[in-house]
Amino acid sequence: MIVFIYENITSEEAKSKSIDFYEKVTKTSLGKLSKTEKGKPVLDYGFISVSHTKNIVCVAISEKEIGIDIESKTREIKIPNMTIKRWTEVEAYAKWKGCGIEKDKIYLDIPKLWLHEIIALKDYYISVYSEDGEIFVK
């Protein structure tokens, strides 16, 4: 699995980078980008997940199902007993499953087996959920 991190961009550029990256990926050997019925992006020969916050975009690509989430450590979560780090784990897991997060169900029992934390940025939490055990950060 490869994780690309784009830093120091405006939030508008972050959204644009996400779209640009999707378009670039469709021109790679991983095949055409499409979406499942629930809107999860997939490639012909692999999987992709994108997350952005403030001035950072993270893109994860893998041959196996994948979900990624990034959040600022200072972001407030208005869910009782939920930390921002845990929230990134929940988001990454939901993206991996391709189900989204149901407002009335917060996944408390996420299997840790395929949960990875990337310690690449001091002010952000990045969580990746994938069966792929090797992570390369670019």
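The values are calculated or read from the model by the stated rules, or taken from the named source; none is laboratory data. None of these values were measured; they are calculated from a predicted model. Here the Cβ positions follow ideal geometry from the backbone for every residue, glycine too, while neighbour counts run over all protein chains shown. Side chains included, ligands, DNA and RNA excluded: accessible areas come from the protein's heavy atoms. Shrake-Rupley method; radii C 1.70, N 1.55, O 1.52, S 1.80 Å.
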Original post:
In this structure, does Ser29 turn out to be of a type in the set (Ser, Thr, Tyr) and at pLDDT below 80?
Top reply: yes
Original post:
When you go through Ile84, Ile77, Ile61 one by one, which is the residue that is at pLDDT 90 or above, closer than 29 Å to Asp109 by Cβ and of a type outside the set (D, E, K, R)?
Top reply: Ile84
Subject >> Residue that is surrounded by the most Cβ atoms within 10 Å (Cβ to Cβ), among those in segment 31-86 that are among the charged types (D, E, K, R) and part of a strand (DSSP E or B) >> reply: Asp69
Original post:
Would you call Lys105 at pLDDT below 80, surrounded by fewer than 17 Cβ atoms within 10 Å (Cβ to Cβ) and assigned to a loop (DSSP other than H, G, I, E, B)?
Top reply: yes
Original post:
If Glu91 satisfies every condition in (1) in contact with a Phe, Trp or Tyr (Cβ under 8 Å, 6 or more places away or on another chain); (2) within 19 Å of Tyr124 (Cβ to Cβ); (3) at pLDDT 85 or above; (4) not β-branched (Val, Ile, Thr) but one, which is the exception?
Top reply: (1)
Subject >> Top-ranked residue in segment 32-58 [being modelled with pLDDT of 85 or more and among the small types (Gly, Ala, Ser); ranked as nearest to Cys99 (Cα to Cα)] >> reply: Ser49
**OP:** Pull up segment 110-124, narrow it to residues that are among the aliphatic types (A, V, I, L, M) and open to solvent by 80 Å² or more (accessible area, probe 1.4 Å), then point me to the one that is farthest from Glu71 (Cα to Cα).
**Re:** Leu113
